[in-house]
Amino acid sequence: MGTGSKVRWAGLVVGGLAACLAVAQPAAPTGAQPASAPASAPAPQALPYGAAVAARFPAPAQRADTPGLQPGRSTYTSNEELSALLAALAQTPGVRRVAAGVSQRGTAIEALHFTGAANGEPGPPGAVRPRVLLLGQQHGDEPAGGEALLALSRELAGGALAPLLQHIEVLVLPRANPDGAAFGLRVAMDGQDINRDHLLLRTPEATALATLARRFTPALVVDVHEHTVVGRYLQKFGAIQRHDLLLQHATAANLPPALAAATEAWFLAPLRSALDADGLTHTWYYTNPTTPGDLRLSMGGVQPDTLRNVQGLQHAVSILLESRGVGIGRLHLERRVHSHLVALRSLLRSAAERAPALAALQQALAQQVAAAACDGTVAVLAAQTPTRRVLPMLDPATGADLPLDVQWNSSLELRTLVQRPRPCGYWLAAEAGEAVARLQALGVQVQTLAAPQPLLAETWRETARVETDRPDVRGRIADARRALLVTVTTESLALQAGAGSFYVGLDQPLAHLVVAALEPDTPSSYFANRLLPGLGSAARVLRRPSFGSTEAGSTAPSSVSADDPRAASPARRE
Ligand SMILES: [Zn+2]
C-alpha cells in the first residue's frame, strides 16, 4: 500500500491502539459470530504515526498474492479462504494436506506437506531430505505471517522455490491459532497464550503442533510473528520501532553451543545479507514488558515454554521471525508480508544448500544429549544477562533515526541460576499419569514398571513457596492459573518403586525437555503448573536401573501408522 503520500499526521497517542497494547483479554466472544476477520480493519482515522515515519517503509515493488492482500480488501484471509486455498494447492503433485489438529472452536489446523516426491530422488544414494517446518499466527492478531506463508506455499507448489524440494521437505502451517485470527485475538479462545504452552500442552493448538513435530521431526523450524511498533514504545520512550524484521534463535538452558553456532553460520548470516540486499532493516528480537514504567528491553525469553525454545531442545535449528505489525492495523501490510517472504526464502535456500549437514547435526546432537545421562551437571534454571546497548529507533515527528541507550536483557549469554548433577532419569508415581501423557505427547519415551524395583534416588524437599503468575519477558503470561514456585533442597532416598509407576530415562534425545518438565523448582515445570500431584510423586534416579535403557524397553509414544513418515524412514530420530 502506498502509504507515504496518504498518511496524515494523527498525533502521538492514538486511542484506538490502546486495546492492542494490553495483554489481550479474550472478551468472551461466546455467541458472537466470527466474521471473516472483524478486528482486522483499522479505523481509517487511526493512523499511528506521521508521513515522515511512514516514508521510511515504502511498499515493495511486488504485492504478494493472497486473498487478504487483494486491492480493496479490509480483512485478512479468512479461515474459510485459507482452507480452500490449501485444498487447491494440495492438488499439485508432491503436495498433500496434513490435518494437524482442531482449535478450541472446532476449526481445522492444517498444514501443507511439500514432500519433494515430484522432484525426483534426493541428492546422493541413501540421502534423506531434512524437514523444514514453517508456521505462523500462533498469535491470531499477527496476520502478516499467515499471509506470507500462503504466498510462499504458491512459490513451493510448482513455483520458483519448487527446485529446493530436491533437497528438503517443507511443512507449511500458516495459521496455528484460527480462533484468534477469526476474532483478532493474540491468545487462544480460552485466554491462553499458545506460544507459552509448548511444554505444558494445555491447549489443543499447542498439542497439535507437538503432534506435528513429533511426527515429522523437523530439522529447521521457523516461527513467524509480528512485533509491536508504536504502543508502549511511543508511551515509554517517545519513539517508534524502526526495524522491518526482528530475529532470534532458540535460547534456553542446556542447548548445545553447536546448535547456536550452526544457526548463526548457516542461516542467520545469509538471512541478514538477504534482508540487507532488499533494503530491509533487522536486529535481534526484543520486547518490552506491558508493565507501565518498566523501561527494560528484553530479548525473547529463555524459559523452555515457547515453540522456539522447545524445538531447539528437540535439536531443530529454531528461528523466530517478527515483522512490524502489532497495533498498526493494515498499515505497511505489503511490506510486512514481503519482509517475511524475503527471510523465509533465504532460510529455505540455506536449508537446501546445507541439507546433508543439517540432517547430520540434528542426529549428532540427539546422540550427544542421550549419551550424557548420569554424567556431569544439568542446568535447571537460567536467566538472561542484563546489559546495555544503543538501539536505533525512529523519531515520531521527523522519522529520523533516534538512538536510545537502553537496558538490554540478553538471551545470548545465559546465567545459570540453579544446576544439579545430571541424573540417569526420573521416577514418576503411578498417579502421575497426566504428566506422563504430556511427556509422551512431546515424543518422550516413558517406561512403565512391570514389577517393583528398588531405585537409588533423590527427592526434593520444599524450603519455601510462593504462588504467582508465570513470569515472562512481556511481564506476565496470559493465563488465569497461577504457578506454584518452590525452592527446594535434595536429599537421598531409598525408593521402592511400585509396579505401575514410571521411569523416564535421560538416555534419550529429549532428555533436556524431561529436565525442564520434571525438576520442580521452575515456573515452567509440571509441578509448578500442577500436572504433578506433589513433590513426592517424582524423584531423581541416580543409578541406571536394572531394567535397562530407555531404548530397550520403552513404551512407544504413539502407534506408528502407515502414513507416518517414521514408518518409512529408519534414519529419523526415532
Ligand atoms: Zn507473536
Residues satisfying the stated conditions in the range 382-430, i.e. of a type in the set (D, E, K, R) and part of a strand (DSSP E or B): 388, 389, 401, 405, 413, 415, 420
Considering 214, 242, 232, which residue is among the basic types (Lys, Arg), in contact (Cβ under 8 Å) with a residue 24 or more places away in the chain and within 16 Å of the ligand (Cβ to nearest atom)? 232
I need the helices (runs of 4 or more DSSP H) fully contained in the range 297-381, keeping only those with at least 2 residues that are of a type in the set (Gly, Ala, Ser). 333-353, 355-371
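Residue check: is residue 345 among the basic types (Lys, Arg) and more than 16 Å from the ligand (Cβ to nearest atom)?
On the way: among the basic types (Lys, Arg): yes; more than 16 Å from the ligand (Cβ to nearest atom): yes.
Criteria met by residue 345.
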Of the listed residues (187, 170), the one being touching a strand residue (DSSP E or B) at 6+ places or on another chain (Cβ under 6 Å) and either within 16 Å of the ligand (Cβ to nearest atom) or farther than 23 Å from residue 106 by Cβ (or both) is 170
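Residues to consider are 209, 247; find the one that is buried (at least 24 other Cβ atoms within 10 Å of the Cβ) and either part of a loop (DSSP other than H, G, I, E, B) or not hydroxyl-bearing (Ser, Thr, Tyr) (or both). Working first, answer last.
Values: 247 fails: buried (at least 24 other Cβ atoms within 10 Å of the Cβ).
Selected residue: 209, the only one of 209, 247 that is buried (at least 24 other Cβ atoms within 10 Å of the Cβ) and either part of a loop (DSSP other than H, G, I, E, B) or not hydroxyl-bearing (Ser, Thr, Tyr) (or both).
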Select, from 462, 458, 434, 467, the only residue that is within 28 Å of residue 535 (Cβ to Cβ) and touching a Ser or Thr at 6+ places or on another chain (Cβ under 6 Å). 458
Looking at the range 95-107, which of the residues that are buried (at least 18 other Cβ atoms within 10 Å of the Cβ) and not aliphatic (A, V, I, L, M) is nearest to the ligand (Cβ to nearest atom)? 103
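For the range 173-184, enumerate the residues that are within 16 Å of the ligand (Cβ to nearest atom) and outside any loop (DSSP other than H, G, I, E, B).
Step one: list which residues in the range 173-184 are within 16 Å of the ligand (Cβ to nearest atom), which gives 173-181, 183-184.
Matches in the range 173-184: 173, 178, 179, 180, 181, 183.
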Residue hits (the range 294-320; crowded, with 24+ Cβ neighbours inside 10 Å and hydroxyl-bearing (Ser, Thr, Tyr)) are 306, 318
When restricted to 253, 269, 265, the only residue of a type in the set (A, V, I, L, M, F, W, C) and in contact (Cβ under 8 Å) with a residue 40 or more places away in the chain is 253
Please go through the range 469-485 and give me each residue that is within 27 Å of residue 443 (Cα to Cα) and not small (Gly, Ala, Ser), ordered by number. 470, 471, 472, 477, 479, 481, 482, 484, 485
Per-region count, the range 108-149, residues away from the ligand (no atom under 16 Å from the Cβ) and among the acidic types (Asp, Glu): 2
Qualifying residue in the range 97-110 (condition: at pLDDT below 95 and either within 28 Å of the chain's Cα centre (by Cα) or outside any loop (DSSP other than H, G, I, E, B) (or both)): no
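Residue-wise test of (1) within 16 Å of the ligand (Cβ to nearest atom); (2) modelled with pLDDT under 95.
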residue	(1), (2)
299	yes, no
306	yes, no
311	yes, no
315	no, no
321	yes, no
325	yes, no
328	yes, yes
335	no, no
338	no, no
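The values are calculated or read from the model by the stated rules, or taken from the named source; none is laboratory data. Note that the structure is predicted; figures quoted are calculated from it, not measured. So basically every Cβ, Gly included, is an ideal-geometry build from the backbone, and we count neighbours across all protein chains shown.
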